[in-house]
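Single-structure report; data block below.
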Amino acid sequence: MINGTATVVGGGIGGLAAAVALHRAGWKVTVLERAGRFTEVGAGLSLWPNALRALEMLGLREQVTAVGAVERCGGVRDRAGRWLSRTHAAELERRFGYPLLVVHRVDLVEVLLAALPSGALRAGAEVSAVPEGDLVVAADGMRSVLREQLWPGYAPRYAGHTAWRMVARPAQAPAEGAVVWGRGARFGYTTMTGGRVYCFATANTPEGSAGPDGEYAELRRRFGDWPDPIPALLAATPPDGVLRHDLYDLPPLPSFVSGRTALLGDAAHAMTPSLGQGACQALEDAATLAACLADAADTAGALARYDRLRRPRTQAITRRSARLGRAGQLSWPPATLARDLAARLIPERVTLSAMAPVLGWGGRPGPIV
Ligand SMILES: Cc1cc2nc3c(=O)[nH]c(=O)nc-3n(C[C@H](O)[C@H](O)[C@H](O)COP(=O)(O)OP(=O)(O)OC[C@H]3O[C@@H](n4cnc5c(N)ncnc54)[C@H](O)[C@@H]3O)c2cc1C
């Protein structure tokens, strides 16, 4: 086992998870975060079985499970509200060891922060060049400054659609989660703890556009007549609590490693959220990085192995998420009809088998998606 001083740039979910994994492996870790404090913007987050396995490797699965809600059943509905496909937690758990857990991002970050010594955390520390350390983890997000320095020219690509996220507090939370597929638009919802419902929506829009009278009004205009429980969820959303972000992914990088610097999370492989895998992959990165360092005789060998294990997998998942996003955002009516019909005809066991390369991650080299 090797260890020493590790500097983690970026205190998002990826950076904090890497810091926890390295700290547990005996590294002296410092996390440098540009923002004035360590927290997350954003609403909910889906943690799939592969993420729960990574959290298990970080020693945090139970703590995260305690702040999350298991989605008992979820699936896809068409614009009229009919179910096209459904997945049950019991079946996910039977196949992959864990269910789908939905957490509030802030709660996940709290668990990660609590696992780190307070001296390891430096807020208000913007990094502009590769810092000191036997190991540097560049976890500074999709617009990573360190990536741009080490691998210039890999700018994020706009996916052609935007996303809104919010937390609703309806009188009654829906018993089942769903993503409703429309024409060039989707609306999803899933229940978190405390009766809170994480909602998200997407629509095909030009890059950089904004709702003329605010994003809440824009959402009600676009989704107010969608099937139940969407109107009630919108009515139970605080108008100032709607976040909007255009969606991007990164072109495939030739390497995640340069010298003693390893890219991790969105800095390495930002992906569109259709598979709900961006943060899950960052957690896998963190657990894998620490495992590679624990097994290797030297840092260079460990980082080369990290790159070999993580790059093909995350780049394949990025492509797959983009494909699913394109299908979800189809707008030509005959194409949406064909898509919905195909989704209706595929049985749950086939859907889950198709997801096995993503969800069945075992913490070790596995099949490429
Ligand atoms: C609409 C939407 C829904 C999503 N849903 C899911 C989901 O359900 N499940 C899932 O797994 N993933 C989901 N994701 C993806 C997930 O949000 C990201 O993959 C994940 O948050 C990436 O974490 P990160 O730590 O790599 O990057 P970030 O969260 O971007 O963190 C980077 C950190 O680095 C800091 N930083 C940046 N530059 C510097 C600098 N120069 N110096 C110091 N600090 C710096 C930033 O302030 C930030 O705190 C979703 C994404 C979107 C947009």
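Annotations
- Take every Cα pair under 8 Å whose residues are at least 6 apart in sequence, average their separation, divide by the length of the chain, and the relative contact order is 24 percent.
- Evaluating 6.51 cos²θ - 1.76 cosθ + 1.60 at θ = phi - 60° for every residue in the range 273-288, the Karplus couplings come out as x, 4, 8, x, 10, x, 6, 4, 5, 5, 5, 4, 3, 4, 5, 5 Hz, glycine and proline recorded as x.
- In the range 82-134, the GluC sites (Glu not before Pro) that fall in loop regions by DSSP, at most 13 other Cβ within 10 Å: GLU126, GLU132
- Once Rg and the Kirkwood radius are both taken over the C-alpha atoms of the range 306-369, their ratio Rg/Rh works out to 1.08.
- Calculated from backbone phi, Karplus (6.51, -1.76, 1.60) coupling profile of the range 139-150 in Hz, x at Gly/Pro: 10, 9, x, 4, 9, 3, 5, 5, 4, 4, 6, 8
- Radius of gyration, Dmax [the range 267-320; alpha carbons; angstrom]: 11.8, 38
- For the range 70-140, the ratio of Cα radius of gyration to the globular rule of thumb 2.2 N^0.38 Å stands at 1.81.
- The HN-Hα couplings worked out from phi for the range 88-93 by the Karplus form 6.51 cos²θ - 1.76 cosθ + 1.60 (θ = phi - 60°) are 9, 4, 4, 6, 4, 5 Hz, whole numbers, x standing for Gly and Pro.
- Size descriptor, Kirkwood hydrodynamic radius, that averages inverse alpha-carbon separations across the range 110-239, Å: 18.2
- With neighbours defined as other Cβ atoms within 10 Å of a residue's Cβ, the residues CYS280, CYS292 order from fewest to most as CYS292, CYS280.
- Counted by Cβ distance under 15 Å from VAL180, the other residues give a net charge of +4, where Lys and Arg count +1 and Asp and Glu count -1.
- Debye-sum result for the range 1-143 in log10 I(q)/I(0), which assumes one identical scatterer on each alpha carbon, at q = 0.13, 0.15, 0.16, 0.22 Å⁻¹: -0.64, -0.79, -0.87, -1.31
- Evaluated over the chain, the Cα radius of gyration and Dmax, each in Å: 20.1, 60
- Overall form of the range 1-57 per C-alpha gyration tensor (a/c, 1.5; a/b vs b/c): oblate
- Principal axis box of the range 215-369, alpha-carbon based, largest edge first, Å: 60, 40, 24
- DSSP loop trypsin sites (Lys or Arg not before Pro) with at most 12 other Cβ within 10 Å: longest gap in the chain: 83-369
- With R₀ set to 35 Å, the beta-carbon distance separating ALA125 from ALA300 gives a calculated FRET efficiency near 0.85.
None of the figures in this text is laboratory data; all of them are computed from the coordinates on show. Here the structure is a predicted model, which is why all the values come from computation and not from measurement. Heads up, the Cβs are rebuilt from the backbone with ideal geometry, glycines too, and the neighbour counts pull from every protein chain shown.
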